[in-house]
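Below is one structure, written out as structure tokens; comments come after it.
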Amino acid sequence: PKTVPPPSPAAPAATPETLPASPSPPSPSTTMATQLGPNAPPPGLLRRTFPSFPWHSLPNYLTYARCLSIPLFLLLSYLPPTFPNRAPVLGAIFALASITDWFDGFLARRWDIASPFGAFLDPVADKLMVSTALIVLSGRYGGAVAIPSAIIMAREVGVSALREWMAQRGKRDSVKVGMQGKVKAALTMVSISLMLLVPEGVGLESLSWSKYLGVLGVGGDRGGVVEGS
């Protein structure tokens, strides 16, 4: 007769001791740290204190804030009409926006999180901010500021067009921003901030050399022409 093999013994039931341990979810600090670049330094005091903050997006947030400051700056340039502290407020807004222009690039390089979108939006926000301030100052001081402003903006448009053309030819790196461009941008920001701090009612007629400007000199809020003598 055919023999039937005995049944195999049943496998022992799994106990909590024999179950494989499930991997623990990463901590927020570990998650945020991995979203920075491979060359980012170890977390400092702020990053350790607020580990859940999206630090990898902070440079873009600063650029967004600079873009949002442009309509605020333009609005406060004319409204309300009797704003007593207009000059220091406008100067402070422009100065803070200028600082973010440097700070967002510094963080992107330090944390190794430079992105193509940030590289595109940062110079756009910079040019919009400077152009808006120059237009406001041109309306305040007339041709003495309008003519240099037109030259500055024409230069910016020309450089942007040149970079776009070189990018289409695959030679964008040949027109990268150098140290001369950074110094020029810093001097422009400082100069515009100082001009915005000049109180209302103080026009070019308060300067001894303004009499040589002739029809280019406009005297503050009076809107009158400073006659040369």
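We did not get these values from a lab; they are worked out from the coordinates using the rules stated. Quick caveat: nothing in here was measured; it's all calculated off a predicted structure. We place every Cβ from the backbone using ideal geometry, glycine too, and count neighbours over all the protein chains shown.
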Relative to the compact globular guide of 2.2 N^0.38 Å, what is the alpha carbon radius of gyration of the range 94-174, as a ratio? 1.31
Round to the nearest 0.05 the FRET efficiency obtained for residue 83 and residue 190 when R0 = 22 Å and r is the Cβ-Cβ distance. 0.40
Length gain on complete extension for the stretch residue 157 to residue 183, per 0.36 nm per residue less the alpha carbon to alpha carbon distance? 7.5 nm
I need the phi-derived Karplus couplings for the range 100-107: 6.51 cos²θ - 1.76 cosθ + 1.60, θ = phi - 60°, integer Hz, Gly and Pro marked x. 5, 4, 7, 5, 5, x, 4, 5
Return the sequence-ordered ³J(HN,Hα) values of the range 47-56 in whole Hz as given by the Karplus equation 6.51 cos²θ - 1.76 cosθ + 1.60 applied to θ = phi - 60°, using x for Gly and Pro. 5, 6, 6, 10, x, 7, 6, x, 4, 5
